[in-house]
1. Counting other Cβ atoms within 10 Å of each Cβ, which chymotrypsin sites (Phe, Trp or Tyr not before Pro) in the stretch 1-60 have at most 13 and sit in a DSSP loop?
2. Please list, short to long, the whole-number percent of alpha-carbon pairs of the stretch 6-75 in consecutive 5 angstrom bins beginning at zero.
3. Show the residues, 5+ positions off or on another chain, whose built amide H is closer than 5 Å to the amide H of ILE17.
Amino acid sequence: MVRQSTFQVLVKSHGFILSAGTTARVMGFSSTDALRFARNRGRLSVQMFLVEGRRGWFASAEDVARWLDETTLATTKGPTKPKAKKSKQKATAD
C-alpha cells in the first residue's frame, strides 16, 4: 500500500482550494472566527485569498498541507532536552 501525501489527501477530500471553514478545521482552530482573528492579526501561517465571484476567504491545499507537514515534523522531533546545570559547590575552608 502506498502512503498518500498530506497534499493528496487534502485535494482528494476538499479540492485544490479550501474554504475558510475547512481551513479552520484542518488547522485546528476552534471556529472560523478564530481563524479570521489570526488572519487579521497576521498570525496565520498560510496565505489566504479572495476568489472573484465567491464569498469568503480561501487557502490553497498545497499551503495548508505544507503547514501540516512542517507542524507535524516539528512536534514529532519532540522538545529538546535542557542542558544539565552544573552544580555549584561552595568551597569550604579547611
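1. Working: sites: PHE7, PHE16, PHE29, PHE37, PHE49, TRP57, PHE58; in loops: PHE16, PHE29.
When the chymotrypsin sites (Phe, Trp or Tyr not before Pro) of the stretch 1-60 are filtered for loop state and at most 13 Cβ neighbours within 10 Å, PHE16 remain.
2. Result, from short to long distances: 3, 18, 28, 28, 17, 5, 1, 0 percent.
3. ALA61
Coordinate-derived values only; no laboratory data. Just so we're clear, the structure is a prediction, and the values are computed from it rather than from any experiment. Every residue, glycine as well, gets a Cβ built from its backbone with ideal geometry; the counts of neighbours run over all protein chains shown.
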